[in-house]
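J.: For reference, the structure I am asking about is given below.
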Amino acid sequence: MGKIQSNEFNTIPNIDIDKNETAGLNDKFIEWTAKKLTYKNKKYALNEETGEVYDLETYENAIQGLTDLVDKKVADLIYKNGKPKIEFI
């Protein structure tokens, strides 16, 4: 069998090759189309399925892949007495 030492590898790691194999694994894609709304002269993007509200510029940057929407929600659309209301975080 032979003596095993911790710095011996079956293959030699190559960061340039390895990074290509994992590229895109943690990417999240927006799979919904926002309804644009304006509240107090500011533009927002509403996910009608979840009621989540985002700054419109942030949403548009996420669509282009420049950022993501993780932890960027600014409000929720809720209904109070049957009327829609934006509840900011």
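The values are calculated or read from the model by the stated rules, or taken from the named source; none is laboratory data. The model shown is predicted, which means the values in this text are computed figures rather than measured ones. Here the Cβ positions follow ideal geometry from the backbone for every residue, glycine too, while neighbour counts run over all protein chains shown.
J.: Any idea which residue in the stretch 29-56 is nearest to Ile89 (Cα to Cα), counting only those that are of a type in the set (Asp, Glu) and within 14 Å of the chain's Cα centre (by Cα)?
T.: Applying the first criterion (of a type in the set (Asp, Glu)) to the stretch 29-56 yields 31, 48-49, 52, 55.
Next, only the ones that are within 14 Å of the chain's Cα centre (by Cα) stay: 31, 52, 55.
Numbers: Glu31: 23, Glu52: 11, Asp55: 12 Å.
Going through the qualifying residues, I end up with Glu52.
J.: Out of all the residues in the stretch 43-89, which are touching a strand residue (DSSP E or B) at 6+ places or on another chain (Cβ under 8 Å), outside any loop (DSSP other than H, G, I, E, B) and exposed (fewer than 11 other Cβ atoms within 10 Å of the Cβ)?
T.: Scanning the stretch 43-89 gives Tyr79, Phe88.
J.: Right, something else. So which residues in the stretch 1-42 are exposed (fewer than 10 other Cβ atoms within 10 Å of the Cβ) and modelled with pLDDT of 90 or more, if there are any at all?
T.: Matches in the stretch 1-42: Thr38, Lys40, Asn41.
J.: Any chance you could count how many residues in the stretch 54-85 are under 14 Å from Ile30 (Cβ atoms) and either in contact with a Gly (Cβ under 9 Å, 6 or more places away or on another chain) or hydroxyl-bearing (Ser, Thr, Tyr) (or both)?
T.: Total meeting the criteria: 4.
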